[in-house]
Amino acid sequence: MSGVDSPDPDDGLRRCPWCLGQFPEYVAYHDTEWGVPNHDDAVHFEFLILEGAQAGLSWATILKRRAGYRKAFAGFDAEKVARFTPRKIESLMQDEGIIRNRLKITSAVSNAKLFLQVQGEFGSFDEYIWGFVGGSPKINRRRRMADVPARSRESDALSADMKKRGFKFCGSVIMYAHMQALGLVNDHLINCFRHAEVQR
C-alpha cells in the first residue's frame, strides 16, 4: 500500500491507496460510502454481516458479492434475518452468491437477534455504537497507510461490550473496520480528496 500520492489515472484525484488498482465498484465505495457518518440501523446491520463474512478474506471478495448478500439476507432486514430457520440456513449453504461458511451464516442469524435486543435497549443500534465515540466522528489526520491502525481504544471497548452481549465476529479489528466504514472515525488520509469532504 505504497504510493500515497498516486492519483487515479482517470480523473487525477488523490485517493487512499488501498482503493487504487481495484475494480470500479471498489473505488466508488471509497469515493461515496467509506468514512461517511452513517446513522441508519439497516446499514449498520448490513456491515455487521458483510464484515463478519470478510473475516479471513479480502474486502474486495465481499464487495463483489454485496448484491448476493443483500438478496440472501432479506435486504439486510434484521427482524427477518433473526427469524431464519435451520432450513433457511441450509439453503444459504447452497447459495453461490455468498461465502458459504456455516459459522458465518449462523452467526449472522444469532447476531440479528442480538442486534434487535440492542435496539430495544438503546432505541437504536446507532445510538449504541455512536456512544463509543461520544456521538461525534473522530477526525484523524493520517499521512500514510502505515499510520492507520488496525484497532483503537474505542474499538477495543466496543468489541468487548459486543462480545459480552453474545455477538460473534466482532473482534476489535472487525469493529474498527466498521467504525471506519460508517464514519465513526475519518481515516481517509489527509491528502485524499475525501478527507475534507467527509469532515464537512
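The values are calculated or read from the model by the stated rules, or taken from the named source; none is laboratory data. Keep in mind that what you see is a predicted model, and the values were worked out from it rather than measured. Cβ sites come from the backbone with ideal geometry, for glycine too, and all protein chains shown count toward neighbours. These accessible areas exclude ligands, DNA and RNA; they are computed on the full protein's heavy atoms, side chains included. Shrake-Rupley method; radii C 1.70, N 1.55, O 1.52, S 1.80 Å.
Can ASN191 be described as part of a loop (DSSP other than H, G, I, E, B), of a type in the set (S, T, N, Q) and modelled with pLDDT of 95 or more?
The answer is yes for ASN191.
Residue check: is GLU154 open to solvent by 60 Å² or more (accessible area, probe 1.4 Å), modelled with pLDDT of 95 or more and closer than 19 Å to PRO37 by Cα?
no
Report, by residue number, each residue of region 131-154 that is of a type in the set (A, V, I, L, M, F, W, C), touching a strand residue (DSSP E or B) at 6+ places or on another chain (Cβ under 8 Å) and within 25 Å of GLN119 (Cα to Cα).
Result: VAL133, single match.
Does LYS168 satisfy the criteria of being farther than 18 Å from PRO37 by Cβ, open to solvent by 30 Å² or more (accessible area, probe 1.4 Å) and touching a Ser or Thr at 6+ places or on another chain (Cβ under 6 Å)? Steps first, answer last, please.
On the way: farther than 18 Å from PRO37 by Cβ: yes; open to solvent by 30 Å² or more (accessible area, probe 1.4 Å): yes; touching a Ser or Thr at 6+ places or on another chain (Cβ under 6 Å): yes.
Answer is yes for this residue.
When you check PHE132 against the structure, is it in contact with a His (Cβ under 9 Å, 6 or more places away or on another chain), assigned to a helix (DSSP H, G or I), in contact (Cβ under 8 Å) with a residue 12 or more places away in the chain and surrounded by 17 or more Cβ atoms within 10 Å (Cβ to Cβ), yes or no?
On the way: in contact with a His (Cβ under 9 Å, 6 or more places away or on another chain): no; assigned to a helix (DSSP H, G or I): yes; in contact (Cβ under 8 Å) with a residue 12 or more places away in the chain: yes; surrounded by 17 or more Cβ atoms within 10 Å (Cβ to Cβ): yes.
Against the criterion (in contact with a His (Cβ under 9 Å, 6 or more places away or on another chain), assigned to a helix (DSSP H, G or I), in contact (Cβ under 8 Å) with a residue 12 or more places away in the chain and surrounded by 17 or more Cβ atoms within 10 Å (Cβ to Cβ)), PHE132 does not qualify.
Could you please find all residues in region 135-171 being within 28 Å of SER107 (Cα to Cα) and among the small types (Gly, Ala, Ser)?
GLY135, ALA150, SER152, SER155, ALA157, SER159, ALA160, GLY166, GLY171
Taking region 87-129, which residues are open to solvent by 20 Å² or more (accessible area, probe 1.4 Å), assigned to a helix (DSSP H, G or I), without any contact (Cβ under 8 Å) to a residue 24 or more places away in the chain and within 18 Å of VAL43 (Cα to Cα)?
Those that are open to solvent by 20 Å² or more (accessible area, probe 1.4 Å), assigned to a helix (DSSP H, G or I), without any contact (Cβ under 8 Å) to a residue 24 or more places away in the chain and within 18 Å of VAL43 (Cα to Cα): GLY120, PHE122, GLU127.
Name the residue, out of HIS44, HIS39, HIS30, that is within 24 Å of ARG141 (Cα to Cα), open to solvent by less than 50 Å² (accessible area, probe 1.4 Å) and of a type outside the set (Ser, Thr, Tyr).
HIS30
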